[in-house]
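> The structure's right below; bear with me while I get my questions together.
The values are calculated or read from the model by the stated rules, or taken from the named source; none is laboratory data. Because the structure is predicted, anything quoted here is derived from the model rather than measured. Counting neighbours? That spans all protein chains shown, and the Cβs are built from the backbone with ideal geometry, glycine included. All accessible areas refer to the heavy atoms of the entire protein, side chains included, with ligands and DNA or RNA removed. Shrake-Rupley method; radii C 1.70, N 1.55, O 1.52, S 1.80 Å.
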Amino acid sequence: PVRQGPLYQTARGCPFVCSFCDYGRNQPYHEFSLARVRAELELFAARGAKVLFNVDPTFNYRKHRAVELLQLAIDLDLRALHWIEIFPTLLDEELTSLLERSPLVFLGVGIQTTNPRSMRAIRRVWQPERVAPLLDRLQGRPNVITSYEMILGLPEDTLQDFKDTLSWTYARRPADLKSFNLAILPRTPLESEVERYR
């Protein structure tokens, strides 16, 4: 049943410059019209999709856009699992409230690390202490399934730092935890920093 749904995209490219990632580099950021997205979601609903996999690089990159998309899903009363990926530091009260009201959401949260030194090294800084209360609120909702993603082996992260990230993440009581080994991808800034970080 989990496979009974389309992968769809409302935006291409990525404005972030995380040093480990090659998505969106040399590609301008572009959003598809809300009318197009509405038509696609209506088609998916009419065809009985059980899961809608949103493959935008960061669903909540632009708050106004994320609000529009979540409100659209609520207005259409989508009866499918809506799968989205967010950058935690861009989560706020308004988005949290909309997620609480959404029919059914699988929320992928790109934690990567809670270590400030590592965050700066990979150019992906966020504030765990500010975001934790919002994530904890969502954890208590029966319509929100949370999944947290971490990377093992990031620059400036020791094994203890990774354990600390794991502990912080586990304390949020997510439905799912994912840990990925760091991959050095071609054409990323990290590729040229291998010697520096050993």
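> Answer with yes or no whether residue 147 is open to solvent by 10 Å² or more (accessible area, probe 1.4 Å), of a type in the set (S, T, N, Q), at pLDDT 95 or above and within 29 Å of residue 5 (Cα to Cα).
On the way: open to solvent by 10 Å² or more (accessible area, probe 1.4 Å): no; of a type in the set (S, T, N, Q): yes; at pLDDT 95 or above: yes; within 29 Å of residue 5 (Cα to Cα): yes.
The answer is no for residue 147.
> May I pose another question? With respect to the numbered conditions (1) open to solvent by 40 Å² or more (accessible area, probe 1.4 Å); (2) in contact (Cβ under 8 Å) with a residue 24 or more places away in the chain; (3) farther than 16 Å from residue 58 by Cβ; (4) out of contact with any Lys or Arg (no Cβ under 8 Å at 6 or more places or on another chain), which one is the sole condition not fulfilled by residue 116?
Of the numbered conditions (1) open to solvent by 40 Å² or more (accessible area, probe 1.4 Å); (2) in contact (Cβ under 8 Å) with a residue 24 or more places away in the chain; (3) farther than 16 Å from residue 58 by Cβ; (4) out of contact with any Lys or Arg (no Cβ under 8 Å at 6 or more places or on another chain), the odd one out for residue 116 is (2).
> Residue by residue through segment 46-79, note down the ones that are part of a loop (DSSP other than H, G, I, E, B) and surrounded by 18 or more Cβ atoms within 10 Å (Cβ to Cβ). Let's see the steps before the verdict.
Filtering segment 46-79 down to residues part of a loop (DSSP other than H, G, I, E, B) leaves 47-50, 55-62, 76-79.
Passing the criteria: 49, 56, 57, 58, 59, 60, 61, 78.
> Only one residue in 165, 146, 169 is of a type in the set (S, T, N, Q) and in a strand (DSSP E or B). Which one?
Working: 165 fails: in a strand (DSSP E or B); 169 fails: in a strand (DSSP E or B).
Result: 146 is the single residue among 165, 146, 169 that is of a type in the set (S, T, N, Q) and in a strand (DSSP E or B).
Yes/no matrix, rows are residues, columns are (1) out of contact with any Leu (no Cβ under 6 Å at 6 or more places or on another chain); (2) not aliphatic (A, V, I, L, M):
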| residue | (1), (2) |
| --- | --- |
| 104 | no, no |
| 121 | yes, no |
| 124 | yes, yes |
| 128 | yes, yes |
| 137 | yes, yes |
| 170 | yes, yes |
| 181 | no, yes |
| 195 | yes, yes |
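> Could you please give the count of residues in segment 75-109 that are farther than 26 Å from residue 125 by Cβ and either of a type in the set (Phe, Trp, Tyr) or free of Cβ contacts under 8 Å to residues at least 12 places away in the same chain (or both)?
First, the residues of segment 75-109 that are farther than 26 Å from residue 125 by Cβ: 75-82, 100-104.
After this cut, where a residue has to be either of a type in the set (Phe, Trp, Tyr) or free of Cβ contacts under 8 Å to residues at least 12 places away in the same chain (or both) as well, the list is 75.
So the count comes out to 1.
> Quick one: residue 85 ticks every box in (1) over 16 Å from residue 143 (Cβ atoms); (2) assigned to a loop (DSSP other than H, G, I, E, B) bar one, so which box is it?
(2)
> Considering only residues that are open to solvent by less than 70 Å² (accessible area, probe 1.4 Å) and not hydrophobic (A, V, I, L, M, F, W, C), which ones fall in segment 168-178?
We begin by selecting, within segment 168-178, every residue open to solvent by less than 70 Å² (accessible area, probe 1.4 Å); these are 168-169, 171-172, 174, 176-178.
169, 172, 174, 176, 178 - these are the residues of segment 168-178 that are open to solvent by less than 70 Å² (accessible area, probe 1.4 Å) and not hydrophobic (A, V, I, L, M, F, W, C).
> I'd like the residue in segment 90-131 that is within 15 Å of the chain's Cα centre (by Cα) and in a helix (DSSP H, G or I) and, out of all such residues, is nearest to residue 181 (Cα to Cα).
128
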